[in-house]
Each structure stands twice: as C-alpha cells, then as structure tokens.
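Asks: Structure below; questions to follow.
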Amino acid sequence: MKRLLLMLPTFAVAAIFIILTGDCSGKRADTAVPRRTAYPRVELYDSAYRQASDSLPVVLMVNDSATVDIASHGDEAIWIDVRYPRYGAVLRLTLSRLDKEALDRAITNRHERMALNAGGLRSTVTTLTAPAGLSSEIVETPGAMVTPLQIIATDSTALLLTGALEMPPASGDDDNDAERYMPVVKGVERDLMHMAKHLKLK
C-alpha cells in the first residue's frame, strides 16, 4: 500500500487521504449551527471631562455627560453619586477626611470590602499616582455584575476617596449580561483613570 501511494500523483494521494479520514458520523457538513445572540452595543459617552463640583475640597474630574448628586454626612464624609443615564449605572463615591489612625483603619477595611465585592473572581488592579501625590487603586472585576469597578485613593495623611460602580440589575443570564455591559465597564474605567490622574487637593 505504501509503495502504491508513492507511485501515485500528489493530488491522488490527497484525495485518498480525504476519503479515508472523512467524517463517518453520517451528519451532513452543512448542518446549521446557531449563532450567539448579538446585543445592541451601548454608545459610550465621549471622553470629555469637567469638575464634579467647585464646593468639593478636591479636584474631582467626571465625565461631562454624567450628572452629579452630592450629599454630606456630618463633617467627615461627602457622598457623591456620578450617574450615567445612558448606561443606567451609578458611580458611588465617598470622600472622607480622617486622622491618621482612623485613615489607616479605613483603608484596611476598604481593601477587605473590595475583596468581598470581587467575590473571588479574577480582578485587575491598576495603581496610579497623581502629580499632586495622591495614590489610587482601580480594581476591575469583569465577572462581578453588581460592582465590576472599584476605586480607592488617598494622600496617606487625611484624605480618603472610595467608590464602586453599580450596574443595572441583571436580567437572569449572567454571562450574557457581562458581555453586554463590558463596553460600559471599559468606558467608566477610562473615566476613573482620568479622575485618578487628575485628583488633587484644592
């Protein structure tokens, strides 16, 4: 058989090979395979930014298309909700001024909370330092549908900024929702990067 194959032209050997190794399952090669569901992509906001408010003790840059709600909780904390109407998502931030001991405890507690929010899922941590000296960590957890983005920033002396992106409620199919919202997560992550790079005390 081997000698016979050597004597045949190349195209004939190829034809025999296809016949011998062909699909013997009886299934037709043109059997239709359902395609994955395609979701309409959310149009992302432009990368244009403004200060969240002149009344804040820090320069906090937010997307120009987002709306901002600010509320105070005593003298220590300011709550800042950055809303993305088109996305149905809210970036919930808390700005605190603490003494050094309380700041260290708050940073430790926040890191623990961030780990819990990630739920053991794969996360990416990006560390940035603004020219003014404030350091930030942005945590992206694509599989965490409730809080896929989190941030913590501090001057290591008295100021602490923490926050998390809250996405709309899942529709029941987590994989599909994760795929649908991924562009939004990337868009808000871009905004958080800009915020962290320009964060400074007034």
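The values are calculated or read from the model by the stated rules, or taken from the named source; none is laboratory data. This is a predicted model, so every value here is computed, not measured. Ideal geometry is used to build each Cβ from the backbone, glycine not excepted, and the neighbour counts take in all protein chains shown. Accessible surface is based on the protein model in full, side chains and every heavy atom, while ligands, DNA and RNA are left aside. Shrake-Rupley method; radii C 1.70, N 1.55, O 1.52, S 1.80 Å.
Asks: What are the ³J(HN,Hα) values, in whole Hz, obtained from phi via the Karplus relation 6.51 cos²θ - 1.76 cosθ + 1.60 with θ = phi - 60°, for each residue of the stretch 140-154 in sequence order, with x given for Gly and Pro?
Replies: Karplus-based 3J(HN,Hα) across the stretch 140-154 equals 10, 10, x, x, 8, 6, 7, 10, x, 10, 9, 9, 9, 9, 7 Hz.
Asks: In vacuo Debye scattering of the stretch 51-202, one point per C-alpha: log10 I(q)/I(0) at q = 0.09, 0.14, 0.16 Å⁻¹?
Replies: Result of the Debye calculation: -0.27, -0.66, -0.86.
Asks: Just to confirm, what accessible area per residue do you get for the stretch 92-202 at 1.4 Å probe, in whole Å²?
Replies: Per-residue accessible area for the stretch 92-202 comes out at 48 Å².
Asks: D75 versus D46, label points 7 Å from Cα toward the beta carbon: distance in nm?
Replies: Between D75 and D46, the label points sit 4.3 nm apart.
Asks: Provide Rg over Rh for the stretch 70-133; use the alpha carbon set for both Rg and the Kirkwood Rh (inverse mean inverse pair distance).
Replies: 1.01
Asks: May I ask you to evaluate 6.51 cos²θ - 1.76 cosθ + 1.60, the Karplus curve with θ = phi - 60°, for each residue of the stretch 101-116 and list the ³J(HN,Hα) values in order in whole Hz, giving x for glycine and proline?
Replies: Couplings: 5, 5, 5, 4, 5, 5, 5, 4, 4, 5, 4, 5, 5, 4, 5, 5 Hz.
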